Amino acid sequence: MTTPAGPRARLAELGVELPPVAPPKGIYVPAKKVGTQVWTSGQLPLVGGELPATGLVGAEVSVDDAKAYARIAALNALAAIDAVVGLDAVASVAKVVGFVASAPGFGGQPQVVNGASELMGEVFGSSGEHARSAIGVAALPLGAPVEVEVVVDLA
């Protein structure tokens, strides 16, 4: 179940505003309702349409910075979900997938993707508990250090 105040009110309590939905950089939609779920496309940590950093985590980008960027990407995913169904329609977070542009030998992907997972818990309480994958990749679009996808179940 969601937090008593609801996810939008919880965001306000956290002092966090949903950003505008990032326009697609290709031929896709930011989020799509499929049955009783909403699936987001991969969301980058765009702030005002710009990446706060580019590069590989474990080289040009620190783990702490990448974790913060994963949180921003997850917030962008929530904005995409909100635009399709409204956050108050979310019953639970089913899955979070995080892609981390990783320097050779870097194995800290789980710590980076925790930034996204922690946001889900803060916004949805126990309903934010989810299955997750944290995947290291050689490169991401636009040179982003992280990309996050989210799947939610609807009430």
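Here, each number is a calculation from the coordinates, and none is a lab measurement. If you're wondering where the values come from, they're calculated on a predicted model, not measured in any experiment. Every residue, glycine as well, gets a Cβ built from its backbone with ideal geometry; the counts of neighbours run over all protein chains shown.
For the range 78-102, the residues whose amide N sits under 12 Å from a probe point set 7 Å from the Cα of Ala155 along the beta carbon direction are 86-92. Taking every alpha-carbon pair under 8 Å whose residues sit at least 6 apart, the range 33-86 reaches a relative contact order of 47 percent.
In this Cβ point-charge picture (+1 for Lys and Arg, -1 for Asp and Glu), the chain has a dipole of about 340 debye about its Cα centre.
Here the range 1-138 is treated as a Stokes sphere of Kirkwood radius computed over C-alpha pairs; at 4 °C and 1.567 mPa s its diffusion coefficient rounds to 85 µm²/s. A Förster radius of 35 Å, combined with the Cβ-Cβ distance separating Arg8 from Val137, puts the computed FRET efficiency at roughly 0.60. Over the chain, Cα pairs under 8 Å with separation of 6+ residues give a relative contact order of 35 percent. May I ask for the angle, rounded to the nearest 10°, between helix 63-85 and the longest principal axis of the chain, with both axes built from Cα atoms and the value confined to 0 to 90°? Computed tilt is about 40 degrees.
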